[in-house]
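Enquirer: One structure, pasted below without further comment.
The values are calculated or read from the model by the stated rules, or taken from the named source; none is laboratory data. Being a predicted model, the structure only gives us computed values, none of them experimental. Quick reminder, even Gly has a Cβ in these numbers, built from the backbone with ideal geometry, and neighbours come from all protein chains shown. These area figures cover heavy atoms from the full protein model, side chains too; ligands, DNA and RNA do not enter into them. Shrake-Rupley method; radii C 1.70, N 1.55, O 1.52, S 1.80 Å.
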Amino acid sequence: MNILITGGAGFIGSHVVRLFVNKYPQYKIINVDKLTYAGNLANLRDIESAPNYKFVRADICDFDTIYSLFQTEQIDGVIHLAAESHVDRSIKDPFTFARTNVMGTLSVLQAAKLYWESLPEGFEGKRFYHISTDEVYGALELTNPEGVKPPFTTKASSGEHHLAYGTDFFYETTKYNPHSPYSASKASSDHFVRAFHDTYGMPTIVTNCSNNYGPYQFPEKLIPLFINNIRHRKPLPVYGKGENVRDWLYVEDHARAIDLIFHQGKVAETYNIGGFNEWKNIDIVRVLILTVDRLLSRAEGEDLDLITYVTDRAGHDMRYAIDSTKLQRELGWEPSLQFEQGIEKTVRWYLDNQEWLDNVTSGDYQLYYEKMYANR
Ligand code: NAD
Ligand code: TYD
């Protein structure tokens, strides 16, 4: 198979590209990425010269380029991750989100459709897999602020923390109700993907995943931002009261789910992906402080006073909690790591890769790409 992975230089995309390049030497993996501020080829250094890997710098909104890529590379499958992904940016600049997430997705869909329809076999053996988020479902209420044991058991949830902060969850059947420009743009792209199945018979799959964490996440998102700030003893801007709940999944567990679903998921289906791992932001911040302090041999809790409560995010969704039992039941997927293990690995990675962090926070890496591609 020749597989087009969009957004492969970003956080989740780089883990997906790495997994596919290493696991499937018989496939050709074409990573198409615009290299926005969030895209970074340093995320893929270890596999960049693999014989089954190719990088193409392109904007997914550029239909002509994407269409000709389908033709020249004879693409059989798409794993579509390219997107603008940060809620705070979407509040300041919603147009960029509509452009990339909606029009960009439509451009990749249309290119796939036209190319596949031109082949004798048509859609046979083809697959368009769209990666989406649980944020399209809106927000759940925080009905149990102290946390209760949820009615689920998974391997990763057998840790001590495992609590739910409400009685309801997001199911595959939950009605879409996005609140932020980011989630509205993702919801719109999901609808287009499903419309391409329903209208043209395109073999599509959509998954909606909870918050990811792990190596190579751009340090504007909660976990890498706060690890970096704790290390440098900078204030930790906790929005509102820090009571908001997110359901966290280690990024490699998401990549494993994507691999499984790409190969074995049923066409036209939706799968929720999540770790049954709800945490209040403030509790995560405390865990991060204790972990960083311990790994840097600082006194326990020395940095707790870095916590700084700031004005809440506009329209801040209170609680996300994904029910991923369908994926577990039908395809046997479950998260491999407990949160405490995943956080330990993640904090260690950021502390060991200060150079990567310095690079992406300085902005030098963007200038480097601009120069590198200026004459192409
Ligand atoms: P990211 O912001 O780290 O990476 C996005 C990548 O897309 C970057 O490499 C960027 O250069 C590229 N890109 C952006 N605009 C582009 C364009 N116009 N053309 C080509 N490439 C472009 O995002 P991420 O966190 O890795 O998320 C990847 C996908 O997974 C997104 O679709 C996101 O909505 C979804 N998702 C993310 C999470 C999460 O917690 N991070 C959870 C669920 C779903
Ligand atoms: P984020 O990592 O931006 O992911 P998302 O908004 O997609 O869930 O934020 C995770 C949670 O952390 C969210 O409730 C907002 C909160 N947050 C802060 O309190 N302070 C911060 O500086 C950031 C970036 C996020």
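Enquirer: Right, residue 292: within 13 Å of ligand 2 (Cβ to nearest atom), outside any strand (DSSP E or B) and in contact (Cβ under 8 Å) with a residue 12 or more places away in the chain or not? I'd like the intermediate steps shown before the answer.
Expert: Numbers: within 13 Å of ligand 2 (Cβ to nearest atom): no; outside any strand (DSSP E or B): yes; in contact (Cβ under 8 Å) with a residue 12 or more places away in the chain: yes.
Taking the combined requirement at face value, the residue does not satisfy it.
Enquirer: Does the stretch 67-119 hold any residues that are open to solvent by 30 Å² or more (accessible area, probe 1.4 Å) and of a type in the set (Phe, Trp, Tyr), and which are they?
Expert: Correct list: 67, 95.
Enquirer: Here are the criteria: (1) under 28 Å from residue 351 (Cα atoms); (2) in contact with a strand residue (DSSP E or B) (Cβ under 7 Å, 6 or more places away or on another chain); (3) open to solvent by less than 10 Å² (accessible area, probe 1.4 Å). Tell me which single one residue 277 does not satisfy.
Expert: Of the numbered conditions (1) under 28 Å from residue 351 (Cα atoms); (2) in contact with a strand residue (DSSP E or B) (Cβ under 7 Å, 6 or more places away or on another chain); (3) open to solvent by less than 10 Å² (accessible area, probe 1.4 Å), the odd one out for residue 277 is (3).
Enquirer: Considering every residue within the stretch 244-258, establish whether at least one is more than 11 Å from ligand 1 (Cβ to nearest atom), β-branched (Val, Ile, Thr) and in contact with a Ser or Thr (Cβ under 9 Å, 6 or more places away or on another chain).
Expert: Looking through the stretch 244-258, none of the residues is more than 11 Å from ligand 1 (Cβ to nearest atom), β-branched (Val, Ile, Thr) and in contact with a Ser or Thr (Cβ under 9 Å, 6 or more places away or on another chain).
Enquirer: Restricting to the stretch 216-236, name every residue that is more than 8 Å from ligand 2 (Cβ to nearest atom) and either on the phi > 0 side of the Ramachandran plot or within 12 Å of the chain's Cα centre (by Cα) (or both). Break it down stepwise before answering.
Expert: Initial filter on the stretch 216-236 (more than 8 Å from ligand 2 (Cβ to nearest atom)): 216-219, 224, 227-235.
Listed by number, the residues that qualify are 216, 217, 218, 233.
Enquirer: Restricting the search to the stretch 19-29, which residues are over 13 Å from residue 79 (Cα atoms) and touching a Gly at 6+ places or on another chain (Cβ under 9 Å)?
Expert: Within the stretch 19-29, 27 is the sole residue that qualifies.
Enquirer: Take the residues in the stretch 30-56 that are hydrophobic (A, V, I, L, M, F, W, C) and touching a Gly at 6+ places or on another chain (Cβ under 9 Å); name whichever of them is farthest from residue 101 (Cα to Cα).
Expert: Checking each candidate, the answer is 44.
Enquirer: Separate question: Quick check on the stretch 80-88. Is at least one of its residues modelled with pLDDT under 95 and within 16 Å of ligand 2 (Cβ to nearest atom)? Before the answer, list the steps.
Expert: Restricting attention to the stretch 80-88, the residues satisfying the condition of being modelled with pLDDT under 95 are none.
No - not one qualifying residue is present in the stretch 80-88.
Enquirer: For the stretch 118-148, give me each residue that is within 14 Å of ligand 1 (Cβ to nearest atom), under 23 Å from residue 87 (Cβ atoms) and part of a strand (DSSP E or B).
Expert: Passing the criteria: 130, 131, 132, 133.
Enquirer: Restricting to strands (runs of 3 or more DSSP E) lying wholly in the stretch 1-107: which have 2 or more residues that are within 19 Å of the chain's Cα centre (by Cα)?
Expert: Per the criteria, 2-6, 28-33, 77-80.
Enquirer: Can you go through 285, 238 and tell me which one is touching a helix residue (DSSP H, G or I) at 6+ places or on another chain (Cβ under 8 Å) and not in a strand (DSSP E or B)? Lay out the reasoning, then the answer.
Expert: Numbers: 238 fails: not in a strand (DSSP E or B).
After ruling out the rest, the residue left standing is 285.
Enquirer: Going through 293, 303 one at a time, which residue ends up being at pLDDT 95 or above, in contact with a helix residue (DSSP H, G or I) (Cβ under 7 Å, 6 or more places away or on another chain) and open to solvent by less than 40 Å² (accessible area, probe 1.4 Å)?
Expert: Result of the check over 293, 303: 303.
Enquirer: Right, next: Considering only residues that are among the polar types (S, T, N, Q) and part of a helix (DSSP H, G or I), look in the stretch 180-201 and name the one that is nearest to ligand 2 (Cβ to nearest atom). Break it down stepwise before answering.
Expert: First pass over the stretch 180-201, keeping only residues among the polar types (S, T, N, Q): 180, 183, 185, 188-189, 199.
Next, only the ones that are part of a helix (DSSP H, G or I) stay: 183, 185, 188-189, 199.
On the way: 183: 8, 185: 13, 188: 17, 189: 16, 199: 30 Å.
Taking the candidates together, the pick is 183.
Enquirer: Here's a follow-up. How many of the residues making up the stretch 216-240 are open to solvent by less than 30 Å² (accessible area, probe 1.4 Å) and away from ligand 1 (no atom under 12 Å from the Cβ)?
Expert: Residues meeting the conditions: 8.
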